[in-house]
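The values are calculated or read from the model by the stated rules, or taken from the named source; none is laboratory data. In this text the structure is predicted, and so the values were computed from the model without any measurement. Cβ atoms come from the backbone with ideal geometry, glycine included; neighbour counts cover every protein chain shown.
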Amino acid sequence: MTPHSVFLRSNCVLPVPLDPLTEPVGENWTRVEQITAPVFDTMIRQKGWHFMQVDHLCARKAFGLTETAAVQGALARSLKGVAGRFNAAELISIRVRKYPGFYIAGVTLQPRQIQQYTWLEIAGDWHQLAVPVR
């Protein structure tokens, strides 16, 4: 797991035929293997979809007896902290500090949204669907 790793919520819909190799992480999340966020963004945009960033970072900490346990705990807490309306997240940073007998890890995620249309595109189509009032 490195900065710019991509995490997808289990109900995330991707453009067809995009089907990246993933591995389960935490509850209801998977990590996209071997594809960073900038590359994944390009792949999604090539299909005509959008991989939008959200301004509110989600940062959580956890402790563990090993570095790995601390990082996994902080990642799980960060993923749970991503609002339910977002279907993806990008790993921004991992910070680990060692103390006598334990580790504390901090993980920061950038919530992301994968969708076919932007809000403006949807709003632009509404006028075509509206029935004129007479």
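Among the residues of segment 55-114, those identified as under 30 Å from residue 13 (Cβ atoms) and of a type in the set (S, T, N, Q) are 72, 78, 87, 93, 108, 110, 113. Among the hydrophobic types (A, V, I, L, M, F, W, C), part of a helix (DSSP H, G or I), surrounded by 18 or more Cβ atoms within 10 Å (Cβ to Cβ) and out of contact with any helix residue (DSSP H, G or I) (no Cβ under 9 Å at 6 or more places or on another chain): does that describe residue 40? The answer is yes for residue 40. Looking at residue 8, is it modelled with pLDDT of 95 or more and more than 16 Å from residue 93 (Cα to Cα)? Yes, satisfied. Inside segment 75-112, residues that are of a type in the set (Lys, Arg), surrounded by fewer than 21 Cβ atoms within 10 Å (Cβ to Cβ) and within 18 Å of the chain's Cα centre (by Cα) make up a count of 3.
Is there a residue being assigned to a strand (DSSP E or B), of a type in the set (Phe, Trp, Tyr) and under 16 Å from residue 106 (Cα atoms) anywhere in segment 62-82? Walk me through it before giving the result.
Going residue by residue through segment 62-82, those that are assigned to a strand (DSSP E or B) are 62-64.
Going one step further and asking which of them are of a type in the set (Phe, Trp, Tyr), we end up with 63.
Still in the list and also under 16 Å from residue 106 (Cα atoms): 63.
Yes, there is a match, as at least one residue in segment 62-82 is assigned to a strand (DSSP E or B), of a type in the set (Phe, Trp, Tyr) and under 16 Å from residue 106 (Cα atoms).
Residues of segment 1-35 that are surrounded by 16 or more Cβ atoms within 10 Å (Cβ to Cβ) and of a type in the set (Val, Ile, Thr): 6, 22, 25, 30, 32, 35. Within segment 57-79, which residues are among the β-branched types (Val, Ile, Thr) and touching a residue at least 60 places away in the same chain (Cβ under 8 Å)? Correct list: 71 only.
Just so you know, in segment 11-37 the residues that are modelled with pLDDT of 90 or more and in a loop (DSSP other than H, G, I, E, B) include one that is nearest to residue 107 (Cα to Cα), and it is 28.
Got a sec? Which of 91, 120 is out of contact with any His (no Cβ under 6 Å at 6 or more places or on another chain) and at pLDDT below 95?
Of the residues listed, the single one that is out of contact with any His (no Cβ under 6 Å at 6 or more places or on another chain) and at pLDDT below 95 is 120.
Yes or no: residue 45 without any contact (Cβ under 8 Å) to a residue 40 or more places away in the chain and out of contact with any Pro (no Cβ under 7 Å at 6 or more places or on another chain)? The answer is yes for residue 45.
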